[in-house]
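Novice: Have a look at this one.
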Amino acid sequence: MTEPVQTPQVFPTRVFSGIQPSGSLTLGNYLGALKRFAQKQNEGIETLYCVVDLHAITVWQEPAKLRQQTREIAAAFIASGIDPKKSVLFNQSQVSAHAELAWVLNCVARIGWMYRMTQFKDKAGANSENSSLGLLAYPSLMAADILAYKTTHVPVGEDQKQHLELTRDIANKFNHDYGVKFFPVPEPLIEGAATRVMSLRDGTKKMSKSDPSDASRINLTDDADTIAKKIRKAKTDPEPLPESVEGLDGRPDAKNLVNIYAALADLTPAQVMAQYAGAQFGTFKPALADLAVEKLGPITAEMNRLMAEPDEIDAILGRGAERADAIARPIFDDVKDIVGMIRSRQV
Ligand code: TYM
């Protein structure tokens with residue numbers, strides 16, 4: 001009989017995060033996620049980044065489009081500075097431990113926890129009985145993505161906070177139910193000026209790829225003219241920029257543009273205010289547009305270059321998947337031992 005596996009309480013630092021291939025990426029995804037992913041990689045930490053195609057199909061995806069979007073997200077990772085030699089870059093469905101562990105975690109998590117998720121409520125809408133079962137179980141698959149690698153840190157935007165809390169609950173319940181200290185309880189990393197980039201048309205709403213108004217967001221595929229036009233037309237109030245960050249309270253549209261500027265320029269919002277205190281939006285918006293074009297232009301160009309070579313992208317994802325599998329497989333074998341399943345053994 002195999003004894004349950006006990007692992008040391010201290011887990012080596014490992015970063016994991018994922019992006020859904022369910023539409024084109026926005027400035028919110030770039031500033032809240034991609035840019036920070038590259039920073040983590042360059043701090044010399046072990047980093048795994050995943051295009052989460054299993055998550056995408058919780059709502060209907062046209063198959064050819066899903067494949068195309070998966071490659072596009074992979075291209076965006078690389079164009080944003082993810083080096084597939086340094087980070088493990090792959091698509092989720094190629095590493096079967098995600099789905100296998102998700103099943104085990106489905107049996108640990110409670111249905112009530114899933115119903116409480118605000119993203120489920122938003123996405124399922126009024127007719128939630130008619131949404132896919134996968135959409136309800138989505139956060140448990142997300143917990144599996146993270147725990148399959150014994151991840152310790154998860155950089156995400158603010159909107160994923162609740163899912164991360166649930167992941168922590170699932171890790172704790174698994175450890176408790178089986179009497180082990182097997183999974184680390186992962187820390188969300190929600191840092192910087194742009195953890196919640198807001199709509200350019202309504203500073204109280206998140207910038208989102210699913211917003212019906214294209215003017216509400218900057219897409220990573222937008223050209224320079226489109227970016228400049230969207231920023232010029234962004235909603236603002238008639239007041240000039242205040243003297244300090246506190247002066248932005250109650251001015252969500254102005255605050256959003258300042259935060260975007262800060263995140264793009266690697267400044268704090270206070271430093272931006274020091275530069276632009278008292279400026280009219282007629283001055284600030286063109287400066288922001290120039291900055292956005294300067295920072296995003298090279299990323300868009302690199303994405304387009306990579307997208308012209310889909311075989312190369314597929315090869316990169318395949319190599320990443322092999323590396324990811326090599327980490328996840330032995331961890332899942334340990335899960336089988338803990339749960340009481342007979343695992344295959346080489347004889
Ligand atoms: P997704 O694909 O919706 O978004 C990818 C990342 O972009 C961040 N983000 C934003 N950040 C700031 N401002 C915004 N307006 C904005 N919009 C999106 C998100 O917070 C996210 O970090 N469930 C996840 C994908 C996922 C995942 C995981 C993440 C699946 N498994 C495991 C981390 C770890 C999602 O739908 O993200």
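The values are calculated or read from the model by the stated rules, or taken from the named source; none is laboratory data. Just so you know, these numbers come straight off a predicted model, no measurement behind them. Positions of Cβ are generated from backbone atoms using ideal geometry, with glycine treated the same way; all protein chains shown enter the neighbour counts. Accessible surface is based on the protein model in full, side chains and every heavy atom, while ligands, DNA and RNA are left aside. Shrake-Rupley method; radii C 1.70, N 1.55, O 1.52, S 1.80 Å.
Novice: List every residue pair whose Cβ atoms sit under 9 Å apart, with the two residues 6 or more apart in sequence or on different chains, where the first one lies in segment 177-190 and is farther than 20 Å from Arg110 by Cα and the second, anywhere, is open to solvent by 50 Å² or more (accessible area, probe 1.4 Å) and among the basic types (Lys, Arg).
Specialist: Short answer, once both residue conditions are applied: Glu187/Arg168; Pro188/Lys161; Pro188/Arg168; Ile190/Lys161; Ile190/Arg196.
Novice: Follow-up question, since we're still on this one. State all residues of segment 136-157 that are under 22 Å from Ile111 (Cβ atoms), open to solvent by 10 Å² or more (accessible area, probe 1.4 Å) and in contact with a Ser or Thr (Cβ under 7 Å, 6 or more places away or on another chain); if no residue qualifies, say none.
Specialist: Tyr138, Met142 - these are the residues of segment 136-157 that are under 22 Å from Ile111 (Cβ atoms), open to solvent by 10 Å² or more (accessible area, probe 1.4 Å) and in contact with a Ser or Thr (Cβ under 7 Å, 6 or more places away or on another chain).
Yes/no matrix, rows are residues, columns are (1) more than 15 Å from Leu31 (Cβ to Cβ); (2) in a loop (DSSP other than H, G, I, E, B); (3) not assigned by TED's automatic domain parsing to the domain that holds Gly18:
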position: Glu191; (1), (2), (3): no, yes, no
position: Asp225; (1), (2), (3): yes, no, yes
position: Ile231; (1), (2), (3): no, no, yes
position: Glu243; (1), (2), (3): yes, yes, yes
position: Glu246; (1), (2), (3): yes, no, yes
position: Asn256; (1), (2), (3): no, no, yes
position: Asn259; (1), (2), (3): no, no, yes
position: Ala263; (1), (2), (3): no, no, yes
position: Leu267; (1), (2), (3): no, yes, yes
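Novice: Failed condition for Gln160, given (1) near the ligand (Cβ under 7 Å from one of its atoms); (2) open to solvent by less than 10 Å² (accessible area, probe 1.4 Å), with all others met?
Specialist: (2)
Results for (1) in contact with an Asp or Glu (Cβ under 7 Å, 6 or more places away or on another chain); (2) surrounded by fewer than 21 Cβ atoms within 10 Å (Cβ to Cβ), shown as yes or no for each residue.
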site: Pro242; (1), (2): no, yes
site: Val245; (1), (2): no, yes
site: Asp249; (1), (2): no, yes
site: Ala254; (1), (2): yes, no
site: Val258; (1), (2): no, no
site: Ala262; (1), (2): no, no
site: Leu267; (1), (2): no, yes
site: Val272; (1), (2): no, no
site: Tyr276; (1), (2): no, yes
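Novice: Name, by its number, the condition in (1) surrounded by fewer than 17 Cβ atoms within 10 Å (Cβ to Cβ); (2) in the same structural domain as Ala74 (by TED's automatic domain parsing); (3) within 30 Å of Val108 (Cβ to Cβ) that does not hold for Ala324.
Specialist: (1)
Novice: Would it be correct to say that Met198 is open to solvent by 10 Å² or more (accessible area, probe 1.4 Å) and of a type in the set (A, V, I, L, M, F, W, C)? Working first, answer last.
Specialist: Numbers: open to solvent by 10 Å² or more (accessible area, probe 1.4 Å): yes; of a type in the set (A, V, I, L, M, F, W, C): yes.
In short, yes.
Novice: Moving on to the next point. Where in segment 1-117 are there helices (runs of 4 or more DSSP H), lying wholly inside it, with at least 3 residues that are more than 10 Å from the ligand (Cβ to nearest atom) and open to solvent by 20 Å² or more (accessible area, probe 1.4 Å)? Walk me through how you get there before you give the answer.
Specialist: Numbers: elements: 35-42, 53-56, 63-79, 97-106, 111-115.
In segment 1-117, 35-42, 63-79, 97-106, 111-115 are the helices (runs of 4 or more DSSP H) which contain 3 or more residues that are more than 10 Å from the ligand (Cβ to nearest atom) and open to solvent by 20 Å² or more (accessible area, probe 1.4 Å).
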